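One structure is given below, encoded as structure tokens.
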Amino acid sequence: MRNVHDETLPGWTYDNAEFFALEREHLLRASWFLAGHRSAFKAPGDFITVEMSGERGLVLLGEDGKLRGFFNTCRHRAHALVSGLSGTCRNAIRCPYHGWTYAFDGTLKAIPAEQSFPAIDKAEFGLRGFEVEELLGFVFARFQSGGPSVAERFAPYRTEMAAYRTAEMVPVHSGWHADLAVDWKNLMDNYLEGYHVPVGHPGLQRLFGNSYTAEAQPGGVSRQVGIVREKPSENWSERMYQRVAPRPAHLSAERQRAWCYYTLLPNVSLDFYPEVISSFEALPLGPGKVRLRARRWALPGDRQSQAAGWLNYRINSQVQREDEALIASVQQGLQSRSYGAGVFSEKEVALRHLHEMVRRALPVARLAEPPMPGTLAAVNAEMQRDRAA
């Protein structure tokens with residue numbers, strides 16, 4: 001008998017508009033995503049903008065020193081309140097369409113020509129908010145409440161992550177993104193397993209040898225670790241990295257040579273290196289479409305770490321090119337009639353956890369074939385009722 005626990009998600013779930021709509025509704029909107037870093041907020045009114053699951057928001061520092069999240073949508077006519085990746089609101093949040101003005105706590109302060117709205121109660125038209133949480137200097141958000149906090153999720157690894165002094169870090173650069181013609185799950189599948197490293201990433205194999213390990217926690221976080229070897233690589237970038245990589249005194253001897261990847265399922269990861277922290281975010285754009293976004297932070301003023309960070313970027317840029325070729329081929333193969341679902345290796349434990357998370361949120365993903373077009377939501381709802389019964 002078919003046991004879906006031993007199989008990967010079926011190929012049809014990776015490029016199906018009805019399934020993607022359900023993912024947004026039942027999984028992604030309630031998932032934590034990385035908004036940014038506390039270093040972006042220096043004075044009241046400083047903000048960053050965020051987008052996820054078809055929603056847009058802003059995270060703003062209030063006069064009381066608290067970070068708050070608001071939907072970036074004016075309550076009057078739905079215009080965006082702010083634009084750009086970041087900025088500062090002077091004294092208040094003012095919509096550029098009609099000038100409705102909100103305090104930093106989201107309350108509606110002023111309406112131009114207020115007398116033309118004779119029945120309005122400003123107390124009812126404050127900004128809609130969403131959850132924001134800060135952990136180790138990183139700022140997370142989610143547009144729909146429900147489930148554990150970021151701190152609860154990362155609890156198994158919080159102590160070892162804190163040793164990197166991430167709250168003291170500053171941006172290395174503004175980051176980059178790439179829009180890829182693959183499903184967000186395909187991108188995360190590739191990221192979450194090191195089984196393909198010996199064949200797919202010869203550079204990482206030269207650096208790590210056979211040290212690469214992966215594990216997953218029941219709370220929806222995982223950790224992968226590769227230890228950089230002392231044996232000099234035959235590749236110049238890798239060999240120079242081995243030579244100049246810092247050995248920070250605030251890290252243990254093993255962590256001074258470790259590349260550690262922490263993932264907050266379903267689609268956000270933080271890569272911890274001795275010299276820099278990098279984010280890996282799979283932002284779903286639609287069925288079979290994803291935006292890969294990466295940002296980097298480091299402790300300020302360390303020239304050795306800056307040199308190692310440049311070499312790190314050079315090495316991982318090659319890894320990224322290799323991965324993009326791999327997942328492009330996989331995306332095409334997922335649609336083949338010859339493929340139904342794959343099987344899990346013991347080296348793919350974090351990948352298994354992601355697929356189980358998707359199936360818990362969307363039981364219709366247990367079906368080997370998609371339901372008839374137009375019925376997927378109804379079938380999923382029926383399977384949810386059957387499971388709850």
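The values are calculated or read from the model by the stated rules, or taken from the named source; none is laboratory data. Please read these numbers as outputs of a predicted model, since none were measured by experiment. Using ideal geometry, Cβ is built from the backbone for each residue, glycine included, and neighbour counts are taken over all protein chains shown. Surface areas here come from the heavy atoms of the whole protein model, side chains and all, with no ligands, DNA or RNA. Shrake-Rupley method; radii C 1.70, N 1.55, O 1.52, S 1.80 Å.
Worth a mention:
- Hypothetical label at Phe117: residues of the stretch 31-67 whose amide nitrogen lies under 20 Å (7 Å Cα-Cβ projection): 58
- Of the residues Phe19, Leu9, Val50, the one whose Cα sits farthest toward the positive end of the charge dipole of the stretch 1-113, with +1 on the Cβ of Lys and Arg and -1 on the Cβ of Asp and Glu, is Val50.
- Positive contributions from Lys and Arg (+1) and negative ones from Asp and Glu (-1), summed over other residues with Cβ under 15 Å from the Cβ of Pro371, come out at -3.
- Since only Ser278, Pro370, Val330 are under comparison, the one whose Cα sits farthest along the positive direction of the charge dipole of the chain, derived from C-beta charges on Lys, Arg, Asp and Glu, is Ser278.
- When +1 charges are put on Lys and Arg Cβ atoms and -1 charges on Asp and Glu Cβ atoms, the dipole computed for the stretch 216-339 relative to its Cα centre reaches about 100 debye.
- Correct option for Cα extents along the principal axes in Å [calculated from the coordinates] among (i) 75, 58, 33; (ii) 68, 54, 36; (iii) 101, 53, 40: (i)
- On the basis of the beta-carbon distance and an R0 of 41 Å, Ala325 and Arg128 show a calculated FRET efficiency of 0.45.
- Sulfur and carbon atoms: percent of accessible area, the stretch 55-193 [1.4 Å]: 50
- q = 0.11, 0.14, 0.21 Å⁻¹: log10 I(q)/I(0) that the Debye formula gives for the stretch 73-212, counting C-alpha atoms only: -0.73, -1.00, -1.35
- Estimated FRET transfer efficiency when R0 is 25 angstrom, pair Ala388-Ala151 (beta carbons, to 0.05): 0.30
- If you look at the Cα atoms of the stretch 337-376, you get an Rg and a Dmax of 12.2, 37 Å.
- For the stretch 271-367, the solvent-accessible area of protein heavy atoms averages 46 Å² per residue (probe radius 1.4 Å; ligands and nucleic acids excluded).
- Pairs of Lys residues in the chain are counted when their Cα atoms are under 26 angstrom apart and they lie 8 or more places apart or on different chains; the count is 8.
- Relative contact order for the chain: 20 percent, from Cα pairs under 8 Å spaced at least 6 residues apart, divided by residue count.
- Probe 1.4 Å, accessible area per residue of the stretch 140-244, Å²: 46
- Projected-area average for the stretch 80-127 over all orientations - Cα convex hull basis, square nanometres: 3.6
- For the chain, size of Cβ-based charge dipole, Lys and Arg +1, Asp and Glu -1, in debye: 720
- By a 1.4 Å probe calculation restricted to protein chains, Val50 has an accessible surface near 10 Å², given to the nearest 10.
- The convex hull drawn around the Cα atoms of the stretch 305-371, when projected onto a plane and averaged over every direction, covers 6.9 nm².
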